[in-house]
1. Going by the conditions given, is residue 711 touching a His at 6+ places or on another chain (Cβ under 7 Å), in a loop (DSSP other than H, G, I, E, B) and not assigned by TED's automatic domain parsing to the domain that holds residue 384?
2. For the condition more than 20 Å from residue 240 (Cβ to Cβ) and either buried (at least 24 other Cβ atoms within 10 Å of the Cβ) or at pLDDT 95 or above (or both), what is the one hit in 179, 168?
3. Yes or no: residue 498 outside the structural domain of residue 94 (by TED's automatic domain parsing), surrounded by fewer than 16 Cβ atoms within 10 Å (Cβ to Cβ) and over 24 Å from residue 552 (Cβ atoms)?
4. I'm trying to understand the selection: among the residues of the stretch 317-359, which are in contact with a strand residue (DSSP E or B) (Cβ under 8 Å, 6 or more places away or on another chain) and either assigned to a helix (DSSP H, G or I) or among the polar types (S, T, N, Q) (or both)?
5. Going residue by residue through the stretch 30-37, is there one that turns out to be loosely packed, with under 10 Cβ neighbours inside 10 Å and assigned to a loop (DSSP other than H, G, I, E, B)?
6. Do we find that residue 665 is assigned by TED's automatic domain parsing to the domain that holds residue 680 and under 25 Å from the mean Cα position of the chain (by Cα) in this structure?
7. Using the structure shown, decide if residue 124 is surrounded by 24 or more Cβ atoms within 10 Å (Cβ to Cβ) and under 20 Å from residue 218 (Cα atoms).
8. Could you list, in sequence order, the residues of the stretch 630-687 that are assigned to a strand (DSSP E or B), of a type in the set (Ser, Thr, Tyr) and surrounded by 20 or more Cβ atoms within 10 Å (Cβ to Cβ)?
Amino acid sequence: MVGNEVYEPEFEGRIGRTLGESEAWWPSRPQPSAGAPNVVVILLDDLGFSHLGCFGSTIDTPNIDRLAADGLRYTNFHVTPVCSPTRAALLTGRNHHAVGMRSISNFNSGFPHMRGRISPRAATIAEMLRDNGYATFALGKWHLCPMTECSQAGPFDQWPVQRGFDRFYGFLDGETDQFHPELVYDNHWIEPPGKPEDGYHLSEDLVDRAVEFVHDSIGVRPDRPFFMYLAFGATHAPHQAPDEYLSKYRGVFDEGWDVWRDRWFSRQKELGVIPPDTRLAPRNPGVEAWDDLTDNQRDLACRLQEAFAAFLDHTDAQIGRLLDSLDDLGIAENTMVVLLADNGASQEGGPFGVLHEMKFFNFLIETPDEAIHRIDEIGGPHSHSNYPWGWAQVGNSPFKWYKQNTHEGGVHVPFIVRWPRGIDERGGLRDQFHHVNDVVPTILNAAGVTAPMTYRGVDQLPVTGTAMNYSFGHADAPSQKTVQYFEMHGHRAIYADGWKAVTRHEIGQSFDNDRWELYHVAVDRSEVVDLAHAEPERLANLVDLWWTEAEREGVLPLDDRGLELMSIRFAEHSPHPIDRVYRYRPPMSPLPAQASPAIGGRSWDMDARVTMNTGDGGVLYATGTENSGLSLFVDRDRLVFDYNIFGEHHVVESSKTIGAGDHVLSVRFRRQAKTGTATLTIDGVDVGSLDVPFVMRTMSSVGPSIAYDHGSPVALAYAERRDGYPFSGRLRELVISIISRQHDADAAASEARMTRGRQ
């Protein structure tokens, strides 16, 4: 007998000196239980409770409506107020603070509840299902990894393929341009397979790839079910859609948000998605009566709402293509399809809406009288638009407040589930209270899978969500979810047995001064009648319950910081060197914004060491898009710098040609309060200077590229090119040095606090 413990310790056969003296053995592979369904989870972004046709809207969503007609609509379903936390709860079945995602994954506060990553103590549904024999695919928005770790330098442990997904196609940050996305395929960055002039749009690309992933899997292994997580960029800003969809909605919303809010509210009652005695919440502060707006305010607001509607309509068409593919494959009958939103409609467009959302983060209020001159760009590749508060509240009908808030407008969203083999009723309504952490146990129940106590040697947090399967066949079953806390940047709420206490926190104020409201949401779904003064004892008990839940779920310490956390740098495993000198050598993949030099609102130097022949040209460094950013490039043997302030190009060209040979091509950028200067040098000699009237603190969500311009072209000089104007000489090294000036840091921190206050 020959032992084999060293090579395969689990071997259960017998090994002798010859085959005749031996007994073969094959380990069993994980196999789902018989009849385990395929599962498709479709997640929409920044979508209010009333935005879908089957939840009250008049925006065309026929395919989502078809999904609802074949399944169930849950009308009392809740999420967290912001995207990354909802995604963390959706994929783990635990509360977001407990798994390390207090807020968006761009932040790491230094406390366990805000690490910007999902804790290893919380296996994802993909990890659980893959270990039980499922194929697993993720497509679209991830936003569950620290963005400082999203470059090709890694680490990759929090990328989708390392968190349970066999395949991934999408983007890692919180938003992307739908015409020029920052795309990742599995573990590597790629260029989009098309251009907007070719008819490219990310939503279509995602569904093309989703169908391909399914075909690849079941074509070889039809016996193996799959789990698909399809998280569209829609309907997060930028609101972008093909021209035919934009044209479809021209003039549709001209009656204004007051008329349409009443109209959608009435449709909600007709559809039965709100109780018949529900009252419409009053206008949120800052939302003016439509009739009180100027003509330019109304025209701009309508065009922005048209872009949103077109974006949603176009996304619905892609969902229809996916559903059709399931039908064509003959697998729709045993595929559970879940569709929901990650939070309510966004307030980030401000009172008037914006053509370019990054202006909001630079404290630039673009008035409707200014924006009206570019109104025809809205919805296309030349805009990064978001609609105003008034339309966001329409989308959140009948509720108050928005995304970021713990009132119903921020956390009450549509939820649809269709599973023909597992749910008999078609078109039914369910009004049981449920929360996003309930999705994982629901899927596990349907798949016959038990959440592991340990995963990869790590003890696991319990799955705290409540499976919803009990309600599939019982519309009148009492809700088995009786308590759920909420918290976001100090906004807090607690639900318990039909009652809700909620407070809207003022940034920077003492949490002890927050005023708690009390609503009997079982009969007052839209939080209209505040019973805090009428029932102080009940309110006190609920507030005490919130603190109990907060301690148990890792919510503490309370922390109302947001964007300013992006300025926190970490020496260990950081892409940001201590001396703030960055050295790049092409070829390189594009860099995510948070893993690249923080040159927004700062003073800096850039030196490109090149070897050129006469006639060589191209981009040395570019960051941003055609809507905002900067580019340093060589054109017609001259060094050129284009500082693109939201479409206003400020350009300087060297006074002399560069010539053949080895050179150091540089730009010295100095900030003076809100303005700045850019000086070009060739081999240390000044050859041009530019006064910059406004220094952008936040240029774009799109990061830089080296030796070419990734995505949409930043500079006018090469705007017509389709290849990113790659540098044809040799760029040996590009060095960026951040100039440490205390007033720069102080200004950035002050601006971050101001931004938070305005959100």
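The values are calculated or read from the model by the stated rules, or taken from the named source; none is laboratory data. Values in this document were obtained by computation on a predicted structure and should not be read as measured data. When we count neighbours, we look across all protein chains shown, and the Cβ atoms used for this are built from the backbone with ideal geometry, even at glycine.
1. Yes.
2. Going through 179, 168 in turn, the sole match is 168.
3. Taking the combined requirement at face value, the residue does not satisfy it.
4. Within the stretch 317-359, 319, 322, 323, 326, 334, 335, 343, 346, 357, 358 qualify.
5. Checked against the condition, which is being loosely packed, with under 10 Cβ neighbours inside 10 Å and assigned to a loop (DSSP other than H, G, I, E, B), the stretch 30-37 yields at least one hit.
6. Here the answer is no, as residue 665 does not meet what is asked.
7. no
8. 631, 643, 666
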